[in-house]
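Each remark here refers to the structure printed beneath this line.
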Amino acid sequence: MPREKYLKLGELLIREGLIKEAQLEKAINLQKQEGGRLGEILVALGMVKEEQMVAVLGRQLGIPYFSLGTGMLKPALDQELDKVITNDFALKNFVLPLSRTLKSLTVAMSDPLDLILIDNLKKLTGCDINPVIATKADIIKAIEEFYGKSTIFKEAIQASYERGPAVVAEEIEADEELSLDKLIARAEEAPVVKLVDLIIRQAINERASDIHVEPFREKISLRYRIDGKLYEIPPPAKHLHLPIISRIKILAKLDIAEKRLPQDGGFLVKIEDRPIDLRVSTIPTIYGEKIVLRILDRSQVILDLGRLGFDSRQLEQFRSIINSPYGLIFITGPTGSGKTTTLYSILSEINNPSKNILTIEDPIEYKLEGINQVQIKPEIGLTFASALRSFLRQDPDVMLVGEVRDLETAEICIRSALTGHLVLSTLHTNDAASAINRLVDIGVEPYLLTPSLIAIASQRLIRRLCPECKEAYEPTPEQLGGVKIKTDLIYRPKGCAKCNQIGYSGRSCIAEIVLINDQIRDLISQRAASYKIKQAAKAAGMQTLYESALKNVESGVTSLEEALSVTLEWGG
């Protein structure tokens, strides 16, 4: 590298306050004596950290800097990149393939100025090389994770198909008559144990919320739900269905001999010291048992109301109502819309030693410090209603009820709100206004609702566009389809290594909040239809789910297609 480049790098390091002039002079003198590259010398002398050096070098060269900490050193799993560049070549040259298009391959390199290596990569892969820069340490760790994960998982799946068709057919037929002892023995065979562990670990690495293992006539289906969408994963061989199900049932302490009835259980795993809860549910189907594992990774859950995605006005409304001394607040939406996370975030925000907070839940998804949480147990008579009656003798300030399912629970919530307690709960309704009609339909008298109810929020989760690869475009009238957008440019998904070519990464809340005012109280007293209540809320300034979603489109958080798929039916 020419001396001029070294001076530019040194000046940049000084400008950013990472080294002093005396340190730079010392490094240059050492370079003159012993040779080598200035950046490597500065790192070897301990004057600057490797990641700082690489980040500055990337800016100097105009090459993106990727690191493990940002999740960007994550190769696409569906492009067979381990075959494009082998594990041995990657380790020997400190390179990692990240994503591939028809003629271009993005590669992380510790030395993007090594033109000979880039030329070798071009000949090896038949692609133009798009280099990004990363530290050697990060590349080595990413290589170990990628090649180990992709190879081991693929090998385990492929190995499950290696027995001949006749043997497999005999095993499938024999499975129907296996004794309990044989079931346990097959479930605890090393290949089955390894395969189940890999399926779970792979799902956690992919940020999946659920794992679906489903039997069909001639195959197994394996699917992961990531950011609310199901994706197919290469499945194991059909004859391993029963051993896999049995292994998971053993872990979840379920009855492996019972195949005719649904069962529920769970177990805890630790991955890199992260405790992860897995909830297990089985149902009998015509081809055998289907099993679903719900993954509850506490480290991935953000219990911060300000970071869930609500806009500034909605956040202000939330913070106003949750600090009310008493009253009833409902969070509504379908299953999987983030209601529990919002409730936990509310509790985290208002939790302090001056408040006695009690919750009754089914199930308790996350344990909250400083809050008394109770799990319902209907089999011994501990229901929502019975627990709530006891709560009132526990001197509470705030009570959370996991869900209002019947008239008795609803009435106790309302009476608790009327006697000076703040009560939070959920309902399954499609929008906020419908919650009032639902309560009236189950038997709650309007005269009890009007003085107790202070707010209802309905919410959904929308997928966030990957910030690394989303692309701006100017939509045509045909693409808008009559939707009115207050900006010329909006964004759409593209797909990159960081998001596994999906184009989306993570999810965000959208909401509509009905604040109960005098006009709405009058409508409740008159048993008015939900559309009239919604009209009154909109007249008072309520932002609907549809409008909330479009704001996220305009700000570049999500795509128009995602916003419409989540909200158009309830847009209003």
Cα-based Rg / Dmax (Å) for the range 1-117: 16.3, 50
query: At q = 0.21 Å⁻¹, what base-10 log of I(q)/I(0) does the Debye formula yield for the range 375-485 when every alpha carbon is treated as an equal point scatterer in vacuo?
result: -1.20
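So in the chain, what percent of DSSP beta bridges are antiparallel if you round to the nearest 5?
Values: 54 of 84 bridges.
If I count the DSSP bridges inside the chain, around 65 percent turn out antiparallel.
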message: Ranking request for peptides 72-82, 521-531: highest mean number of other beta-carbon atoms within 10 Å first, then the rest in descending order.
response: 72-82, 521-531
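Which whole number of Å³ per residue matches the convex hull of the alpha-carbon atoms in the range 460-567? Mind dumping the intermediate values first?
Numbers: hull volume 11.5 nm³, N = 108.
Hull volume normalised by residue count: 106 Å³.
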task: Measure nothing but the geometry: give the 0 to 90° angle between the long axis through the Cα atoms of 407-418 and the longest principal axis through the Cα atoms of the chain, rounded to 10°.
output: 90
message: Could you order the peptides 535-546, 315-326 from most to least packed, using the average number of other C-beta atoms within 10 Å per residue?
response: 535-546, 315-326
field: Dipole magnitude of the chain, debye to nearest 20 (Cβ charges: Lys/Arg +1, Asp/Glu -1, about Cα centre)
entry: 940
field: Shape of the range 268-323, Cα gyration tensor, a/c cut at 1.5
entry: oblate
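How far, in nm, would the chain grow between V193 and R415 when pulled straight, counting 0.36 nm per residue and subtracting the alpha carbon separation?
Details: separation 222, 0.36 × 222 = 79.92 nm, distance 5.18 nm.
Gain on stretching V193 to R415: 74.7 nm.
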message: Cα atoms only: what Rg and Dmax, in Å, come out for the range 58-117?
response: 11.8, 33
message: Could you compute the net charge surrounding N500? Neighbours are other residues with a C-beta less than 11 Å from the C-beta of N500; K and R count +1, D and E count -1.
response: 0
- prompt: Pairs K470/K498; K103/K494; K83/K122; K498/K551; K219/K253; K259/K290: which exceed 19 Å Cα-Cα?
  reply: K498/K551; K219/K253
field: Rounded accessible area per residue of the range 380-494, 1.4 Å, Å²
entry: 45
Three-way shape label, the range 364-427, alpha-carbon gyration tensor, a/c 1.5: rounded
message: For a quick size check, give me the Cα extents of the chain along its three principal axes, largest first, whole Å.
response: 88, 67, 54
- prompt: Considering every pair of different Cα atoms, what Kirkwood radius, in Å, is found for the range 415-456?
  reply: 11.0
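Quickly rank 255-268, 386-399, 230-243 as a protection proxy: mean count of other C-beta atoms within 10 Å, highest first.
On the way: 255-268: 13.4, 386-399: 16.5, 230-243: 19.8.
Averaged packing, sorted descending, gives the order 230-243, 386-399, 255-268.
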task: Please express the shape of the range 284-386 as an equivalent ellipsoid: the semi-axes are the square roots of 5 times the eigenvalues of the C-alpha gyration tensor, given largest first in whole angstrom.
output: 29, 20, 14
message: More than 17 angstrom separation, counting every C-alpha pair in the range 499-548; what % is that?
response: 47
task: Calculate, in nm to one decimal, what D264 and F216 gain on full extension: separation in residues at 0.36 nm each, minus their alpha carbon distance.
output: 15.1 nm
- request: Considering the options L81, S434, C127, tell which one lies farthest towards the positive end of the dipole of the chain, charges being +1 on Lys and Arg and -1 on Asp and Glu at the Cβ, about the Cα centre.
  value: C127
query: Tell me, what is the percent relative contact order of the range 1-117, built from C-alpha pairs under 8 Å that lie six or more residues apart?
result: 15
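Please grab the % of Cα pairs in the range 471-516 that end up more than 14 Å from each other.
Values: 696 of 1035 pairs.
Every Cα pair in the range 471-516 considered, those over 14 Å come to 67 percent.
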- request: Would you calculate a helix-derived [θ] at 222 nm for the chain, using -39,500 (n - 2.57) for each DSSP H run of n ≥ 4 and dividing by the full residue count, to the nearest 500?
  value: -12500 deg cm²/dmol
message: Once you order the gyration tensor axes a ≥ b ≥ c over the Cα atoms, which shape class does the range 324-437 get: rounded for a/c under 1.5, otherwise prolate or oblate by comparing a/b with b/c?
response: rounded
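The values are calculated or read from the model by the stated rules, or taken from the named source; none is laboratory data. Please read all numbers here as calculations on a predicted model, not as lab measurements. Positions of Cβ are backbone-derived with ideal geometry, glycine not excepted, and every protein chain shown enters the neighbour counts. Ligands, DNA and RNA are stripped out before the accessible areas are found, and what is left, the full protein with its side chains, is counted by its heavy atoms. Shrake-Rupley method; radii C 1.70, N 1.55, O 1.52, S 1.80 Å.
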